[in-house]
Amino acid sequence: MIETTCPHCGKTYFVGQKSVPCPVEPHSTHDEFEAYQPDIPADNNLDNPNISGPLLGGVGAGTGVNCYPGTPGSCHPDAYIFVDYVSDPWDCLSRQMSVCPNTQRVFLVGSHYGLNYHGILTAKGKVTSKIQGVKDGFSYCGKKMIVISYRDGVI
Ligand SMILES: [Zn+2]
């Protein structure tokens with residue numbers, strides 16, 4: 001995913017297909033990314049590596065990334081963890097960082113319910129202190145952790 005910053009309002013966002021008016025410059029729009037959850041029931045597909053294609057499509061990511069659920073393979077700079085479709089996203093995170101220490105960005109993607117259930121977002125949709133600690137640790141190392149809610153977008 002490509003990140004850009006609006007020269008008018010200073011907002012940094014991921015580029016996508018949704019046209020959003022700039023709050024500062026009304027003649028300008030942001031083409032912002034919008035995630036959607038594919039119609040895949042989580043119950044029957046937990047840890048199923050065969051659903052990574054549609055899951056990645058829902059966040060505008062192609063191949064050439066690491067994906068959970070997914071088939072282990074070579075390491076890539078970007079990793080996506082779909083929290084509704086794995087048994088333990090924290091275990092996926094630690095596996096990714098130990099097997100692929102050169103990972104630059106980790107995206108935690110999920111429904112509001114799934115993100116809350118796994119202690120990533122609070123009931124109010126803010127990142128938990130646990131996740132804030134991981135985010136801070138990542139940025140200290142020049143890496144990024146990004147949380148994407150299907151309901152609320154990039155958090
Ligand atoms: Zn703007």
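No value in this document is a laboratory result; all are computed from the given coordinates. On a predicted model such as this, the values are computed, not experimentally measured, just so you know. So basically every Cβ, Gly included, is an ideal-geometry build from the backbone, and we count neighbours across all protein chains shown.
If the condition is being in contact (Cβ under 8 Å) with a residue 60 or more places away in the chain and more than 14 Å from the chain's Cα centre (by Cα), then segment 110-155 contributes no residue at all.
Total residues in segment 104-131 satisfying the condition of being surrounded by 20 or more Cβ atoms within 10 Å (Cβ to Cβ) and either of a type in the set (Ser, Thr, Tyr) or under 16 Å from Lys143 (Cβ atoms) (or both): the figure is 4.
Just name the residue that is nearest to the chain's Cα centre (by Cα) out of those in segment 1-55 that are of a type in the set (S, T, N, Q) and away from the ligand (no atom under 16 Å from the Cβ). Ranking the candidates gives Gln37 first.
What strands (runs of 3 or more DSSP E), lying completely within segment 47-155, carry at least 3 residues that are in contact with a Pro (Cβ under 8 Å, 6 or more places away or on another chain) and charged (D, E, K, R)? Steps first, answer last, please.
On the way: elements: 66-68, 78-82, 105-110, 144-149.
The strands (runs of 3 or more DSSP E) meeting that bar number zero.
A search for C-beta distances below 7 Å between a residue of segment 1-27 that is of a type in the set (Gly, Ala, Ser) and any residue that is assigned to a loop (DSSP other than H, G, I, E, B) and more than 10 Å from the ligand (Cβ to nearest atom), counting only pairs 6+ apart in sequence or on different chains, returns Gly16/Phe33; Gly16/Glu34; Gly16/Gly60.
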